[in-house]
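Worksheet for the structure shown next.
Read-outs: derived from the displayed coordinates by stated rules, not from any lab. Owing to the predicted nature of the structure, the values given are computational and were not obtained by experimental measurement. Cβ atoms come from the backbone with ideal geometry, glycine included; neighbour counts cover every protein chain shown.
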Amino acid sequence: MSRTVFHFNGVNGSSGDYLVPPMTHEMLSKIARNEPLDKKHLDELKWLNRRSKTKVLGVAAGIDPQNLSQTGWGVIFAQEDPNVPAIREALKELLDHRREQATRKNEKFYREYTASDAYRRGETKEAFLTRHRTGPGAANPLRTPYYLLIVGDPETIPYRFQYQLDVAYAVGRIHFDTLDEYAAYAHSVVEAERGGLKLPRRAVFFGVKNDDDPATYLSADELVKPLAGMLGADQPSWDVQTLLHEDATKPRLSRLLGGDETPALLFTASHGMGFDNGSNRQLKHQGALLCQEWPGPEKWATKRIPEDFYFAADDVPDDARLYGLISFHFACYGAGTPKLDDFSHQEFTDPTLIAPHAFIAQLPKRLLGHPKGGALAVVGHVERAWGYSFMWGDAVKQERQLESFKSSLKYLMEGHTVGHSFEYFNERYAEIASDLSAVLEEIKFGAEYDPLALAETWTAHGDARGYAIIGDPAVRLPVGKTKTVEGERPTINIINIPSAGGASALLKPPQPPADAASPKETTPAPPPASGPTGVTPAAARGAGVDFGLFDSLKGSRERLTEALEQFAEKLSEAVQKAVSDAGSLEVTTYVAEDMEGITYSGGRFGGAAKLRAVTRINVDGDTQVCVPLEDGELDETLWKIHSETVQSAQANRAEMLKTMVSAATGLFDVFKAF
């Protein structure tokens with residue numbers, strides 16, 4: 001048997017190597033034989049595979065999947081997320097809109113999973129549904145809505161929960177860094193649906209084809225080109241454009257993602273950027289799209305990939321016109337990255353962390369949360385995208401793989417929701433997983449097998465599992481009836497959400513230090529005449545920002561050293577005091593019938609004020625709570641107010657610490673420039 005070599009998508013920007021080296025089918029078949037398959041999850045996939053033969057996808061029979069008053073719509077928050085009240089308020093416009101749509105004859109099929117109903121850490125899909133009295137099988141909106149939007153980072157609500165839930169439901173996810181982005185996304189969706197946004201019926205298929213690179217040769221020639229041809233013929237009311245090879249450059253992609261060529265529907269196929277765990281580019285650039293500028297593996301072997309070669313969130317300007325876009329990115333990590341390698345038990349990957357924590361890629365977050373009106377949804381891959389998933393050994397199997405892409409995009413172009421359109425990928429995953437499990441079961445009992453066929457099935461299985469919708473799964477393409485519309489693409493007003501601290505920043509998961517480069521990727525030292533921020537001392541003085549500090553330290557290295565030591569000592573004392581204060585946070589809630597009879601002394605209310613609730617959080621994390629009762633029962637209204645005040649106090653204290661340290665670090669960097 002000839003040796004077939006599999007080439008995988010994804011390039012390591014830290015080293016210039018492939019994320020996964022090319023492998024023979026013998027190596028992959030050996031890996032596949034060790035693949036663990038969850039029995040309960042597999043049983044549900046087999047059920048979906050049997051059901052898909054009847055061409056019924058998603059909801060129970062008799063329910064229109066396009067009508068939210070029949071399917072229902074729900075939003076899932078994480079119970080442990082202290083930002084939920086603020087995020088929910090930022091999303092209020094979208095939540096109110098979906099509640100209205102998911103109501104029929106005074107019967108609500110709208111559900112918010114918050115407080116005790118919210119997702120709990122470590123919970124499986126089965127445990128979550130069982131807790132809400134829902135069993136496996138087709139979605140029944142009387143129990144659980146068909147459309148489900150997860151709101152939270154994948155560290156608190158894992159990707160695996162999303163994969164499993166997506167088998168029978170239409171699931172999407174959003175997570176942003178600021179309240180403004182949540183509000184902007186909510187406003188974009190509602191305005192697109194209520195305001196009658198009508199974009200031209202234009203779809204663009206963008207395929208990178210780097211030199212000496214089998215993976216992008218395959219995706220350009222066997223996925224992008226034929227897929228665009230099939231859909232162009234099937235959808236004559238659409239203007240379908242194909243951009244391949246020399247047309248698939250970064251400047252051209254800039255015009256498609258917010259520029260003057262932005263379509264209603266964009267499909268891209270390229271390498272997705274990956275970086276070493278700890279690289280200072282990982283959290284902001286992982287999943288970025290590597291463009292035609294990359295010369296290929298032969299000419300650019302073992303070299304750090306520069307930012308000029310790929311399109312990242314940083315490349316989307318503030319004046320971008322993205323309003324109404326739905327984009328599909330066939331690229332490694334295009335949707336996000338898990339903390340642990342999904343294939344770390346396999347021989348070809350190191351059993352180490354992929355990233356400091358699981359996260360959504362910055363590019364889709366930037367596209368969706370844009371303040372001038374963003375994209376409605378981005379479909380992409382969590383983990384690696386496998387090139388051979390759309391091309392098996394013979395023409396029949398190849399067509400079957402492309403049919404999943406074609407059917408999903410066809411549904412989308414015909415006005416179906418993005419969640420229902422991509423049920424075809426769930427069907428594909430169920431079919432391949434069922435086939436793979438049957439083969440592996442036979443091999444376990446000594447049956448002969450074809451290593452090439454097993455390798456192909458396993459790669460297709462890995463690919464099908466990883467697709468995810470970033471955005472509300474109930475959105476659809478807001479297009480008119482024609483291929484062209486006069487005038488520029490519209491924008492919408494900027495949405496800002498005020499907060500107690502005057503800024504919209506939310507608490508974020510732990511970030512690696514700004515200067516933490518990986519062993520394979522080092523950041524060049526700045527020129528001697530410039531500080532770390534690129535601002536020279538002379539420029540800083542010219543801008544009037546030195547407050548006389550530079551003049552007082554000029555010409556004396558010894559005095560500078562002494563001043564730095566004093567500065568560090570004072571900074572340490574200030575931070576320690578702030579941390580100590582933060583570690584003994586106390587929130588008290590009072591009530592009073594006579595506001596004029598209130599007194600205040602020693603940090604406490606007195607007189608007519610009555611203490612009703614207390615929360616104290618100690619430095620070691622221990623929490624003491626005094627709960628308010630009304631006639632022997634929990635006073636839920638007062639407790640809700642108190643709990644929200646505690647969350648706000650924690651967020652404000654953490655933001656104050658972060659701001660203080662950031663400002664001090666910036667000043668310290670300026671000192672170091674001298």
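The figures follow:
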| item | result |
| --- | --- |
| Residues with amide H under 5 Å from that of F206, placed H, sequence gap 5 or more | L243, F267, T268, A269 |
| Local electrostatic count at M413 - Lys and Arg +1, Asp and Glu -1, tallied over other residues with Cβ under 9 Å | 0 |
| Over 20 Å between alpha carbons, listed pairs K225/K481; K198/K483; K365/K481 | K225/K481; K365/K481 |
| Under-5 Å amide H pairs with A613, H placed in peptide plane, nonlocal only | T589 |
| Sorted by Cβ neighbour density within 10 Å, fewest at the top, the residues M230, M413 | M230, M413 |
| Order of C626, C332 - criterion: other Cβ atoms within 10 Å of each residue's Cβ, fewest first | C626, C332 |
| Whole-Hz couplings from phi, Karplus 6.51/-1.76/1.60, listed for segment 464-474; x for Gly and Pro | 4, 5, x, 6, 9, 9, 9, x, 6, x, 8 |
| Total formal charge among the other residues, if their Cβ is under 9 angstrom from that of Q241, Lys/Arg +1 and Asp/Glu -1 | -1 |
| Summed residue charge, Cβ within 14 Å of K372's Cβ, Lys/Arg positive, Asp/Glu negative | -3 |
| Order of Y169, Y182 - criterion: other Cβ atoms within 10 Å of each residue's Cβ, fewest first | Y169, Y182 |
